[in-house]
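*Asks:* Starting off with a structure, shown below.
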Amino acid sequence: MKTTLKVTPAIILIIMNVGIYIFTSVAGGSLLFTSQDLIETLGQDNSRVLNGWYWQFFTSMFIHVDLLHLLGNMLFLLIFGLRAESLFSKKEFFFIYFASGLSGNLLTLLMPPSTLSAGASGAIFGMFSASAIYLGKTLGQSIMGALMYSFFLFILSTGRNVNLFAHFGGLAAGLIIGYTFAKNRKIAKWNLTFEP
């Protein structure tokens, strides 16, 4: 019996993140760590962004500091991504990912110009919070549960060298987007059911 691996949005993003890590490892000469030069060039260096390197808002979502950083983020992207795939279309999935990551990176500009940041965690936090609030809203439950889960995950993520601004920005964006999608779904169902 022939089995094939289904290429889903979460799998595509994991392949991209792993592929880019392999590229930076080869370029930097180490599988365990990404070189400082590459992080400064492809991560988010606030001083450079403020001087026009705006593309770092996007490249930094795919750059990881070391192998452990990559593996941790990819594990959570797989867990939260699979849940999000069951709730959102492919376009919505990618929109949530990139909008949440971008929101986290924009919020990172509130940190000192010397700040250097990298990783997909802002986007992944957005995936989690969008799914949590979407489920709560579409099932007619209080959104307080989704807010509490999101806050709890945020608290758990605190630690040394953790960009809380990116995490909070991603969480907030995911909550807004997930709530908006759920509200529009409910309106669409209402119109479908009660139109003459």
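*Asks:* Which residue pairs have Cβ atoms under 9 Å apart, sit 6 or more places apart or on different chains, and have a first residue in the range 82-107 that is β-branched (Val, Ile, Thr) and a second that is surrounded by fewer than 18 Cβ atoms within 10 Å (Cβ to Cβ)?
*Replies:* none
*Asks:* Here's another thing I want to ask about it. Got at least one residue in the range 27-42 being of a type in the set (A, V, I, L, M, F, W, C) and buried (at least 20 other Cβ atoms within 10 Å of the Cβ)?
*Replies:* Yes, because at least one residue in the range 27-42 is of a type in the set (A, V, I, L, M, F, W, C) and buried (at least 20 other Cβ atoms within 10 Å of the Cβ).
*Asks:* Determine if the range 13-30 includes at least one residue that is more than 18 Å from the chain's Cα centre (by Cα), assigned to a helix (DSSP H, G or I), under 29 Å from Pro112 (Cα atoms) and polar (S, T, N, Q).
*Replies:* Yes, there is a match, as at least one residue in the range 13-30 is more than 18 Å from the chain's Cα centre (by Cα), assigned to a helix (DSSP H, G or I), under 29 Å from Pro112 (Cα atoms) and polar (S, T, N, Q).
Bear in mind these aren't lab numbers, they're just calculated from the coordinates by the rules spelled out. No experiment lies behind these values; they were computed from the predicted model shown. For neighbour counting, all protein chains shown are included, and Cβ atoms are generated from backbone atoms with ideal geometry for every residue, glycine included.
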